[in-house]
1. Ordered by packing density, taken as the mean number of other Cβ atoms within 10 Å over each peptide's residues, highest first, how do 139-145, 98-104, 36-42 rank?
2. Expressed in nm to one decimal, what extension gain is obtained for the pair Ile71 and Ser103 from 0.36 nm per residue of sequence separation less their Cα-Cα distance?
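Readers should treat all values here as calculations from the given coordinates under stated rules, not as data from a laboratory. Small disclaimer: the values here were computed from a predicted structure and weren't measured. Note that we place each Cβ from the backbone using ideal geometry, even for glycine, and neighbour counts take in every protein chain shown.
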Amino acid sequence: MTIDMNHRLTWIITTAAAFLVLLSCGGKSAEKKSMTPEETVSAFYAAVSQGDFTSAKELCDTVSMAEYISINETNWERMKQADSSLAAIAAAILAGVEIEFGSIEKSENKRIVHYTIDAMGGRKKEKVATVRKEEGEWKVEKITDAI
């Protein structure tokens, strides 16, 4: 493999990992039924993995997540324009992501959801999502790395 191919593969994997931070709803509408906090986080990741930022935004507190989504949406579009095969490879990697939920901390109208993302056969990342109840629906307010 040449250095250019190594650089390109590293870029694909790094870009896919960045989108893992966001990942939502693979065709499911958040309005069909009231989702649990875990289902909301899963739906968010599924939407992002498909480049469906409209659905991802619907699953978020858009005020707190607006910049977060905007940056990833811009990167997704830039990647598609640079090389559509890169976008296809990143989407394939993201489609294979598995989310394993751990503990959930409860407060009055928020849940702190601890989970692990497993991508590409063993590459795991521990994450924490803060979701809050907004007009009867859970919305992603913040996603961070677990400490």
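1. 36-42, 139-145, 98-104
2. Here the answer is 8.6 nm.
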